[in-house]
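Below: one structure, written as structure tokens.
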């Protein structure tokens, strides 16, 4: 083989090289470099530049669609909001638990023995009555379907409605009413209304009809029919004299707007009474699902649970008991009730039996100054509320300290320059001013004590316990009339009948005539007012009595009570425009009270 020729052939197939001594480089041909560059440029253009432009275009499209979708969502939201505002509202709805705090105890759930405020609240919420009151404070039928009254309301023929059920599904009928009245007539159980019912006669006509014969003629008799009806089928198995000690919570049967659920007593001495909505109530069913009654020992505990939200409301505290910052979540209703504070003057007292001394007290005390230091009160100048008399025919006594001093001088009571006390025949003008531990009464007593001392009286102040379970103040001070002046509160109720407070027959240890007022003419006026057939005649007699009362001064009006109800702003309680006879009447519109809120849709 020709080796040289073979080497030349192999060499012709290799790229050309230029020898540089020990190194050598490859030299690409011009055509090869151009070919490779074009490929690289096309690759960058097709895979980088064009794709980047495509990505930017895609991003713009996506952002555009997102913007359109966002605009649509916002538009839908605005349209929905406007629609909801037009056709719905955030309002109170059914459900929820309303809770109320009381000072005191729950010792007995039998409404005939209700003593504490909590027990009275339970009686009102859980038991029906023959007659009740509306939100204007006027009497209205509750269980009564028909009434026929004759002989000026002395004879009553009453028919009950037939759709009322006890919580155990028994019908409430005439037997229950007759059983309840007979309980109130029984002296062995000593119900609070015994004196008013002991001479009442009641007879059954049929299952839903009965007849009552009242001891007196008076169109005010309907007010006395506002008592809770008891379940005869349950309680008649128990002896009457054992009822007060019976724990009826173990077999509780009710007929009111709420039903009994449970009663618990805590180790701290507090109580929790739980009620649930009566779905079969014969009138408007409550919005609330539950109502809970809590009892505490004092106002401070109530303040704490109200601020924490553990309890929603209380009738035993005022907004003035809270600081400005604490008031932010609370609201208060203040409503006048048919109760009044009086300074009862003992007309049998050795000093106060003098009309001149009584008139000196009447003119010598500035009652506006006394009222200004009291909480939640209105003025009260008469023995009865102003709406029951013709005010234009009467003028209240005016404050005149000079006249008061002259009256005492004329009666022989001369002021000593030594001790600034008046004397007569060597005897001090010394009186006993008695009252009970009550914020308003104590404030009034201290102010009156100060003003009487300025007139020359030597005043001994006696203060008894308001909730004395032994009734020591009643036994030792009120019943024996061991006072010259007693500051106390009268509860009028809805009925403009003040016979029990001022008629001479009630001027005894068991009666309510706390002044011992014994004027036959004035007493006749009260009898005539009681028998009056219409409100105008009643007003005429009560106005005449009031004129004589102001002349004889058996007592001096101090102030009319306003009840306070504090509750959290987030709930709905009673309408502040309602009129009350007593605090318990705040429940007259309980069916509208509410706690829970939700959207309610309106018809377009």
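Descriptive notes on the structure:
- Among the residues of the stretch 153-170, those identified as assigned to a loop (DSSP other than H, G, I, E, B) and either in contact with a helix residue (DSSP H, G or I) (Cβ under 6 Å, 6 or more places away or on another chain) or on the phi < 0 side of the Ramachandran plot (or both) are 153, 154, 161, 162, 163, 164, 166, 167, 168, 170.
- Among the candidates 253, 276, 285, the residue that is surrounded by fewer than 16 Cβ atoms within 10 Å (Cβ to Cβ) and within 18 Å of residue 127 (Cβ to Cβ) is uniquely 285.
- So residue 486, is it touching a residue at least 12 places away in the same chain (Cβ under 8 Å), in the same structural domain as residue 412 (by TED's automatic domain parsing), part of a helix (DSSP H, G or I) and surrounded by 20 or more Cβ atoms within 10 Å (Cβ to Cβ): no
- Restricting attention to the stretch 167-195, the residues being free of Cβ contacts under 8 Å to residues at least 40 places away in the same chain and crowded, with 17+ Cβ neighbours inside 10 Å number 4.
- Of the numbered criteria (1) at pLDDT 95 or above; (2) part of a loop (DSSP other than H, G, I, E, B); (3) in contact with a strand residue (DSSP E or B) (Cβ under 7 Å, 6 or more places away or on another chain), the one residue 466 fails is (1).
- Condition broken by residue 375, with the remaining ones in (1) within 26 Å of residue 441 (Cβ to Cβ); (2) in the same structural domain as residue 413 (by TED's automatic domain parsing); (3) at pLDDT 95 or above; (4) surrounded by fewer than 20 Cβ atoms within 10 Å (Cβ to Cβ) satisfied: (3)
- Criterion: in a helix (DSSP H, G or I) and over 30 Å from residue 596 (Cβ atoms) - qualifying residue of 190, 182: 182
- Residue 567, sole failed condition from (1) within 30 Å of residue 313 (Cβ to Cβ); (2) out of contact with any helix residue (DSSP H, G or I) (no Cβ under 8 Å at 6 or more places or on another chain); (3) assigned to a loop (DSSP other than H, G, I, E, B): (3)
- The residue list 359, 414 contains one member that is at pLDDT 95 or above, surrounded by fewer than 16 Cβ atoms within 10 Å (Cβ to Cβ) and more than 30 Å from residue 138 (Cα to Cα), which is 414.
- Condition broken by residue 237, with the remaining ones in (1) at pLDDT 90 or above; (2) under 25 Å from residue 122 (Cα atoms); (3) over 34 Å from the mean Cα position of the chain (by Cα) satisfied: (1)
- Residue 558 meets all of the listed conditions (1) surrounded by fewer than 18 Cβ atoms within 10 Å (Cβ to Cβ); (2) more than 30 Å from residue 284 (Cα to Cα) but one, namely (1).
- Look at the stretch 442-458: where a residue is at pLDDT 95 or above and a partner is part of a helix (DSSP H, G or I) and surrounded by fewer than 17 Cβ atoms within 10 Å (Cβ to Cβ), sitting 6+ places away or on another chain with Cβ atoms under 7 Å, you get 447/369.
- Residue ID - nearest to residue 165 (Cα to Cα), chosen from residues in the stretch 256-273 that are within 23 Å of the chain's Cα centre (by Cα) and surrounded by fewer than 19 Cβ atoms within 10 Å (Cβ to Cβ): 261
- Complete set of residues in the stretch 558-584 that are out of contact with any strand residue (DSSP E or B) (no Cβ under 6 Å at 6 or more places or on another chain) and under 26 Å from residue 372 (Cα atoms): 577, 578, 579
- With respect to the conditions (1) at pLDDT 95 or above; (2) under 18 Å from residue 569 (Cα atoms), residue 320 lacks only one, and its number is (1).
- Residue in the stretch 230-247 that is touching a strand residue (DSSP E or B) at 6+ places or on another chain (Cβ under 9 Å), in contact (Cβ under 8 Å) with a residue 24 or more places away in the chain and surrounded by 19 or more Cβ atoms within 10 Å (Cβ to Cβ) present: no
- Matching option when the condition is assigned to a loop (DSSP other than H, G, I, E, B), touching a helix residue (DSSP H, G or I) at 6+ places or on another chain (Cβ under 6 Å), closer than 29 Å to residue 347 by Cα and free of Cβ contacts under 8 Å to residues at least 60 places away in the same chain, among 528, 518, 513: 513
- Considering 148, 205, the condition of being part of a strand (DSSP E or B) and either surrounded by 20 or more Cβ atoms within 10 Å (Cβ to Cβ) or in contact (Cβ under 8 Å) with a residue 12 or more places away in the chain (or both) is satisfied by 205 alone.
- Residue within the stretch 89-112 that is modelled with pLDDT of 85 or more, part of a helix (DSSP H, G or I) and under 30 Å from residue 188 (Cα atoms) present: yes
The values are calculated or read from the model by the stated rules, or taken from the named source; none is laboratory data. Treat the numbers as computed from the prediction; the structure is a model and nothing was measured. A quick note on method: Cβ atoms are made from the backbone with ideal geometry, for glycine too, and the neighbour counts reach across all protein chains shown.
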